[in-house]
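Reviewing the structure listed below.
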Amino acid sequence: MTRADVVVILLLAVVVGWVAMAQWQGRSTATAVAIYRGGERIAVHDVQQRQRLTVEGRIGTAHIHIEDGRARFVQSPCQRKVCIHMGWQQYGGAVAACVPNGLSLQMLGGSTTFDGIAS
Amino acid sequence: MALPADSDYRPDALDRRVAGLAAVAIAIHVLEAGFPSPVPGIKPGLANVVTLVALLRHGVACAAWVAGLRVLVGSLLVGSFLTPTFWLSATGAVSAFVVLAAAYAVGRAVPALRLSAVGLSVLAAMAHMTGQFMVAWTVFLPHAGLTVLLPVLLAAALVFGLASGLVALRVLDRMQRLERAPEAGGY
């Protein structure tokens, strides 16, 4: 290893840290949740209002619960249930997605602005 | 075996080197594709060790061939040729290679900025991930939420880049020692 190696590795570590800070800092509680089907926004709901939604996806019906400013998938016909394991989402910009079923939800409001890399 | 009549082509030293190194890289690539990954998009990328070895021992042209052949033949063997996986892999490889070649050129021009296999590997891994992420994000899943994953992916790239850089360093060191002892038969 050379000195330049150490410098480069430290610099890149700083970049990773900076991206992480920009991403996770300033995230705030969402006010609404948008439901997407295949990239198209099909509904927006207030997250303070308790709701039990059933949404038709590409391969079947998914259940989405909304309560206490949070939202999550609770049932899905997909195989690996990644969307369900993603759990409750509550911060602005947070996402839970079910790729096989073509459904996703994204929390809106709060600070949904991302960092320079994202925007 | 007779060559076709119209062919005067004889493989030269570079061809043989490329063929040998690419074969090793492809084998690693295919083996790695068989291992399940806990998070999609994260894998160690040990095949890049071979690209690094090619670059540091034989220069940019050799490394470009090895990296290109690995992505192409690797995808044919795994069965992902021209699928999204292939495009992600290809973009990653191209981004990594551009950064790798640039860092290597800078190191040759300015000795103070010369990186060893470790620095080059970390740079390449980060470039690989960044390039791949950009394509995944702009082409396949243009969803702002995907950027939440970016820090995790970049951190993984940093760690795995460091790991394969250290492996490359050991491989280079071992190759050098084998060459100094000719009775060992070289590599």
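The values are calculated or read from the model by the stated rules, or taken from the named source; none is laboratory data. This is a predicted model, so every value here is computed, not measured. Neighbour counts run over all protein chains shown; Cβ positions are idealised from the backbone, glycine included.
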Scanning the range B:1-34 residue by residue, the ones that are at pLDDT 80 or above and either of a type in the set (A, V, I, L, M, F, W, C) or touching a Leu at 6+ places or on another chain (Cβ under 9 Å) (or both) total 17
Would you point out the residue of the range B:148-166, among those that are among the β-branched types (Val, Ile, Thr) and more than 8 Å from chain A (Cβ to nearest Cβ), that is nearest to residue B:93 (Cα to Cα)? B:159
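I'd like the full set of residues that are out of contact with any helix residue (DSSP H, G or I) (no Cβ under 7 Å at 6 or more places or on another chain) and not acidic (Asp, Glu), limited to the range B:29-56.
Taking the range B:29-56 and keeping what is out of contact with any helix residue (DSSP H, G or I) (no Cβ under 7 Å at 6 or more places or on another chain), we get B:31-32, B:34-40.
If the condition is that a residue be out of contact with any helix residue (DSSP H, G or I) (no Cβ under 7 Å at 6 or more places or on another chain) and not acidic (Asp, Glu), then B:31, B:34, B:35, B:36, B:37, B:38, B:39, B:40 are the ones that fit.
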In contact with a Gly (Cβ under 8 Å, 6 or more places away or on another chain), under 17 Å from residue A:11 (Cα atoms) and more than 10 Å from chain A (Cβ to nearest Cβ) - does that describe any residue in the range B:83-94? no
Anything in the range A:1-37 that is facing chain B (nearest Cβ under 9 Å), among the hydrophobic types (A, V, I, L, M, F, W, C) and within 25 Å of residue A:47 (Cα to Cα)? List them, or say none. A:22, A:24
Report, by residue number, each residue of the range B:105-121 that is outside any helix (DSSP H, G or I) and more than 21 Å from residue B:93 (Cα to Cα). B:110, B:114
Return the only residue of B:152, B:110, B:139 being surrounded by fewer than 19 Cβ atoms within 10 Å (Cβ to Cβ), over 22 Å from residue B:29 (Cα atoms) and in contact with a Phe, Trp or Tyr (Cβ under 8 Å, 6 or more places away or on another chain). B:139
